[in-house]
Amino acid sequence: MRLVLAHGFTQTARSWDVLTPALRAHLATDSVEDAEIVAADLPGHGTAGELRRELWGCADHLVEVGGDAIYIGYSMGGRIALHAALAHPAAVRGLVLIGATPGIASESERCARRAADRELADRLERIGVDAFLDEWLALPLFAGLDASAAMRDDRLRNRAADLASSLRLTGTGSQSPLWDRLRDITAPALVIVGANDQKFNTIGRQMCSMLPSGEMISISDAGHSAHLEQPNATAAVIADWVGGRVHNTASATR
C-alpha cells in the first residue's frame, strides 16, 4: 500500500514531516506496517519549482510521481488530488482531502477570486517570498499554526516567480468547479476538516453528500491546517481509515 502526500500552497514535500512520524506509528497500530509513504513536490514548489502546470497538468504530475496509491492532499494539494481522481481513476485507489474544495460554484465569485489571486501573485513577485510569508502566515486561516508546524524555513526554499505562477495557474479562482463531477469519483474518500474551520466544515458536508463513497471527520481544536495543528489526532484518523480499506480489500480477495 502506497500513500502519496500532496502539500498546500507555499509548502513543499517536507511540510509533511510534521505528520508522517505519527502516521507511521498509527499505521503500524492498525496493522499496515508495510505502507510506503511518498511526499510529492507539486509544480511551482520545491524540486518541481520550475514546472508550469494548470490543475489538470498538476494532477498528471502527481500521479506520475505517485502511481497507484491512496492520495492525501491538503488545500491546494487536495484540489489537485481531486483532479487526479477524475483524470486517473485507475491509479487513485482512495482520497483523503484535508481542507480542500471542489472549487467556487458562482461564476461571479470565481471571477473575483481569480482577480484577487492575480493581484496576490503580482504582490508576491514585487515583495519577495520572505515578506510574502509574513503576510500569508498571518492570515486568520493559519491562526492555529505554531512556528514549528508552519515550517517557514522550508517555505523559504520556494522562489517568488514559481509561487506566483502556481497562484495564477492553480489558484481557486482559476479552477473550473468540480461539484457536478464529484459523483463520478469512484474511489472511497475521506474528508478531514478542522472543527474550528467553519467554511470548510460546510464545504466538507456538501462534498460528502455528492461523493458516492465519502465520509467526513472533524478534528477537534484545529482550524484549516488540521494535520499540522493536530498531527497525532489527524494521523490516527487517516490510519484507521486506510486500515479499513486495506483489511476490507484483503477480506474480499480471500
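The values are calculated or read from the model by the stated rules, or taken from the named source; none is laboratory data. Here the structure is a predicted model, which is why all the values come from computation and not from measurement. Here Cβ is always computed from backbone atoms with ideal geometry, including for glycine, and neighbour counts include all displayed protein chains. SASA here: full protein model, heavy atoms, side chains in, ligands and nucleic acids out. Shrake-Rupley method; radii C 1.70, N 1.55, O 1.52, S 1.80 Å.
Tell me which helices (runs of 4 or more DSSP H) are completely within the range 98-150 and hold 2 or more residues being free of Cβ contacts under 8 Å to residues at least 60 places away in the same chain, over 21 Å from Val191 (Cβ atoms) and open to solvent by 50 Å² or more (accessible area, probe 1.4 Å), or say none if there are none.
Fully inside the range 98-150 and qualifying: 107-127, 129-136.
In the range 40-69, which residues are out of contact with any helix residue (DSSP H, G or I) (no Cβ under 9 Å at 6 or more places or on another chain) and free of Cβ contacts under 8 Å to residues at least 40 places away in the same chain?
Glu64
Of the residues Asp117, Asp154, which is more than 20 Å from Asp41 (Cα to Cα) and either in contact with a helix residue (DSSP H, G or I) (Cβ under 7 Å, 6 or more places away or on another chain) or of a type in the set (Val, Ile, Thr) (or both)? Give the derivation first.
Details: Asp154 fails: more than 20 Å from Asp41 (Cα to Cα).
After applying the criteria, what remains is Asp117.
What number of residues within the range 1-45 are crowded, with 24+ Cβ neighbours inside 10 Å and in contact with a Pro (Cβ under 9 Å, 6 or more places away or on another chain)?
Summing the residues that are crowded, with 24+ Cβ neighbours inside 10 Å and in contact with a Pro (Cβ under 9 Å, 6 or more places away or on another chain) in the range 1-45 gives 2.
Can you tell me which residue within the range 187-198, out of those that are closer than 22 Å to Ala105 by Cα and open to solvent by 10 Å² or more (accessible area, probe 1.4 Å), is farthest from the chain's Cα centre (by Cα)?
Gln198
So for the range 62-75 (the condition being surrounded by fewer than 22 Cβ atoms within 10 Å (Cβ to Cβ), in contact with a strand residue (DSSP E or B) (Cβ under 6 Å, 6 or more places away or on another chain) and assigned to a helix (DSSP H, G or I)), does at least one residue qualify?
Yes; the residues of the range 62-75 include at least one that is surrounded by fewer than 22 Cβ atoms within 10 Å (Cβ to Cβ), in contact with a strand residue (DSSP E or B) (Cβ under 6 Å, 6 or more places away or on another chain) and assigned to a helix (DSSP H, G or I).
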